[in-house]
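Structure first, commentary second.
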Amino acid sequence: MCKGLAALPQSCLERAKEIKSKLGVLLQKPENAIAKLRCFVCRPTPEEAAQWRESLDRVLNNSYGLAAFRSFLRSEFSDENIEFWTSCEDFKKTKNPVKMAAKAKKIYEDFIQSEGPREVNIDHFTKDVTLRNLVDLSPATFDLAQKRIYALMEKDSFGRFLRSEQYQELLVN
């Protein structure tokens, strides 16, 4: 997680300032933007990356870790799982009922519906529960399906990610 300007290594701060200067007018609060850019610009220290071994949650709760895991899944042609998981996380934060309905429809059509463009691998029971949940939307609408996909990533993809060259490079540089 970002720790603000005080936690920025000098090289990250310089890189963030360079990016900020290139983006110019698009950034409204430069101090906050620099701190936020740290999450995307700087690699984690080898010690930080080593902590990711503890759990998939550690990876998903770190912006660089999430990006690295997403990139890894993309290389395996299974990024629909992380895209579904992040879409569900975004859905849970949605308060506006109209936006919630639109997001629910998109998530269902893209990831849950049979023959959807990015259909995730879940059982029929989970699909049925999710479909029933769409009738009365709540932040928990996709919880069961999201838990199943999380378990699939944790059991399968996470171990391969930890053994990947991409992750191993983070441990030594």
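The values are calculated or read from the model by the stated rules, or taken from the named source; none is laboratory data. All values reported here derive from a predicted model rather than from experimental measurement. Counting neighbours? That spans all protein chains shown, and the Cβs are built from the backbone with ideal geometry, glycine included. Ligands, DNA and RNA are stripped out before the accessible areas are found, and what is left, the full protein with its side chains, is counted by its heavy atoms. Shrake-Rupley method; radii C 1.70, N 1.55, O 1.52, S 1.80 Å.
Points worth noting:
- Test: Glu109 is open to solvent by 40 Å² or more (accessible area, probe 1.4 Å) and under 15 Å from the mean Cα position of the chain (by Cα): no
- Residue that is most open to solvent (accessible area, probe 1.4 Å), among those in the stretch 132-169 that are hydroxyl-bearing (Ser, Thr, Tyr) and assigned to a helix (DSSP H, G or I): Tyr150
- Selection count, the stretch 61-104, where residues are closer than 19 Å to Ala140 by Cα and either touching a helix residue (DSSP H, G or I) at 6+ places or on another chain (Cβ under 8 Å) or not polar (S, T, N, Q) (or both): 23
- The stretch 41-85: number of residues that are open to solvent by 30 Å² or more (accessible area, probe 1.4 Å) and either touching a Lys or Arg at 6+ places or on another chain (Cβ under 8 Å) or among the hydroxyl-bearing types (Ser, Thr, Tyr) (or both): 11
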